[in-house]
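Reviewing the structure listed below.
The values are calculated or read from the model by the stated rules, or taken from the named source; none is laboratory data. These numbers come from a predicted model, not from an experiment. Cβ: placed from backbone, ideal geometry, glycine included. Neighbour counts: every protein chain shown. Heavy atoms of the whole protein, side chains included, go into the accessibility calculation; ligands, DNA and RNA do not. Shrake-Rupley method; radii C 1.70, N 1.55, O 1.52, S 1.80 Å.
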Amino acid sequence: MNFTDKNVIITGGSAGIGFATAKIFIEKGANVLITGRNAESLHTASVNVNSPKLKTLASDISKLADIAMLEKEVAESGNKIDVLVLNAGIAKQFSIEETTEEVFDDLFNINVKGLFFTLQKLIPHLAEGASVILISSGVSVSGYAQMGAYAATKSAVDAIARTAATELADRKIRVNTVAPGLTDTPMNHQTPEHIKNAIAAAVPLKRIGEAEEIANAIVFLASEEASYISGSYLSVDGGVTIRR
Ligand SMILES: NC(=O)c1ccc[n+]([C@@H]2O[C@H](COP(=O)([O-])OP(=O)(O)OC[C@H]3O[C@@H](n4cnc5c(N)ncnc54)[C@H](OP(=O)(O)O)[C@@H]3O)[C@@H](O)[C@H]2O)c1
């Protein structure tokens with residue numbers, strides 16, 4: 001897979017799955033722009049990668065003004081986008097009874113509204129034949145306790161992906177969804193070990209995922225090798241979704 005001089009944008013690229021994906025694209029020759037809310041985390045990511053091919057932009061996906069800033073940056077670069085990875089997201093675990101309006105709004109503003117309007121504003125900047133990858137979650141098609149609002153955001157992501165795959169096909173743009181299972185990223189660093197171990201025990205492969213394993217699937221879907229794959233929902237979860 002060769003991405004020499006391809007232009008890649010990854011929302012939420014300063015940590016976890018987004019950062020692992022950025023590193024692989026850079027290794028394969030792409031120019032990568034990563035976003036995130038925290039400028040310090042973006043700086044740390046940039047220092048770690050240490051490549052002139054990596055650019056960063058502090059931009060909060062839940063704010064339309066920040067999405068406009070991202071669009072302006074892309075427009076001013078004069079480059080079309082070859083790969084767009086809509087990855088920025090947050091997780092909050094509450095039962096339906098315990099979910100406050102604030103929790104619900106935070107989840108939907110970032111995971112759904114932010115993703116939707118980032119896609120909308122960047123559609124005009126996508127190259128013919130571009131690849132768009134939306135990061136969902138295995139919970140979008142299963143039923144875990146404490147995940148009601150988060151799972152609902154990810155089901156919405158799946159629906160947006162299916163619609164986009166249909167609307168953008170005329171421009172030969174492929175749109176796919178990657179659905180990770182529990183993955184070892186900063187998102188889960190607060191999760192107690194015994195809970196991670198219990199989840200791992202329920203996975204057919206008997207472990208949780210690594211960020212690089214999700215990133216490899218994203219990079220594959222973005223590549224020429226996936227030229228006939230569009231509208232797919234790719235579970236990358238050690239087989240756990242087949243247990244639903
Ligand atoms: N890890 C898992 O087990 C797992 C499982 C299934 C699905 N996923 C999904 O995979 C995606 C990546 O998750 P991850 O585990 O890599 O998370 P992570 O380690 O918490 O990293 C999230 C990234 O998104 C950025 N981000 C968060 N909110 C943002 C916002 N409002 N605007 C812009 N950037 C934002 C973060 O930077 P800042 O905090 O600086 O903004 C960070 O760069 C998410 O969509 C998540 O729902 C993860």
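Residues of the stretch 83-106 falling in the label zone of Asn2, defined by backbone nitrogen less than 19 Å from a point 7 Å along Cα to beta-carbon, are 83.
At a probe radius of 1.4 angstrom, the accessible area of the stretch 7-235 per residue rounds to 48 square angstrom.
If packing is taken as the average number of other Cβ atoms within 10 Å across a peptide's residues, how do 190-203, 54-67 rank, most packed first?
Numbers: 190-203: 11.7, 54-67: 18.9.
Highest to lowest by the protection proxy: 54-67, 190-203.
The HN-Hα couplings worked out from phi for the stretch 173-185 by the Karplus form 6.51 cos²θ - 1.76 cosθ + 1.60 (θ = phi - 60°) are 8, 9, 10, 9, 10, 10, 10, x, x, 4, 10, 6, 9 Hz, whole numbers, x standing for Gly and Pro.
Do any of Lys63/Lys121; Lys55/Lys113; Lys6/Lys28 go past 18 Å between their Cα atoms, and which?
Working: Lys63/Lys121 13 Å; Lys55/Lys113 24 Å; Lys6/Lys28 9 Å.
Listed pairs above 18 Å: Lys55/Lys113.
Comparing Cα centroids, the stretch 112-138 and the stretch 15-84 end up 14 angstrom apart. What does the net charge come to around Asn2 if you take all other residues with beta carbon closer than 9 Å to its beta carbon, with K and R at +1 and D and E at -1? Here the count lands on +1.
Run through every distinct alpha carbon pair of the stretch 7-235 and return the Kirkwood hydrodynamic radius in angstroms, one decimal place. Can you show the working numbers first?
On the way: mean 1/r = 0.0563 Å⁻¹.
When all Cα pairs of the stretch 7-235 are included, the Kirkwood radius is 17.8 Å.
Test of understanding: what is the full-extension gain from Leu64 to Glu27, defined as 0.36 nm times their sequence separation minus their Cα-Cα distance?
Values: separation 37, 0.36 × 37 = 13.32 nm, distance 3.16 nm.
Difference between extended and current length: 10.2 nm.
Cβ-Cβ distance of Val47 and Thr191, R₀ of 22 Å, FRET efficiency by 1/(1 + (r/R0)^6): the value works out to about 0.20.
Just to verify a number: FRET efficiency for Lys172 and Leu205, C-beta to C-beta distance, R0 = 41 Å, to 0.05? With a Förster radius of 41 Å, E is 0.70. Sequence-ordered 3J(HN,Hα) estimates for the stretch 108-119 from the Karplus curve with 6.51, -1.76 and 1.60 and θ = phi - 60° stand at 6, 5, 8, 6, 10, 4, x, 5, 4, 7, 5, 4 Hz, glycine and proline given as x. Across the stretch 109-150, the residues whose backbone nitrogen lies under 18 Å from the label position 7 Å along the beta-carbon direction of Arg162 are 112, 116, 133-143. Rolling a 1.4 angstrom probe over the stretch 7-235 with all protein chains present gives an accessible area of which 53% lies on carbon and sulfur atoms.
Amide H contacts for Thr183 (H built 1.01 Å from N in the peptide plane; partners 5 or more residues away or on another chain; cut-off under 5 Å): Gly209.
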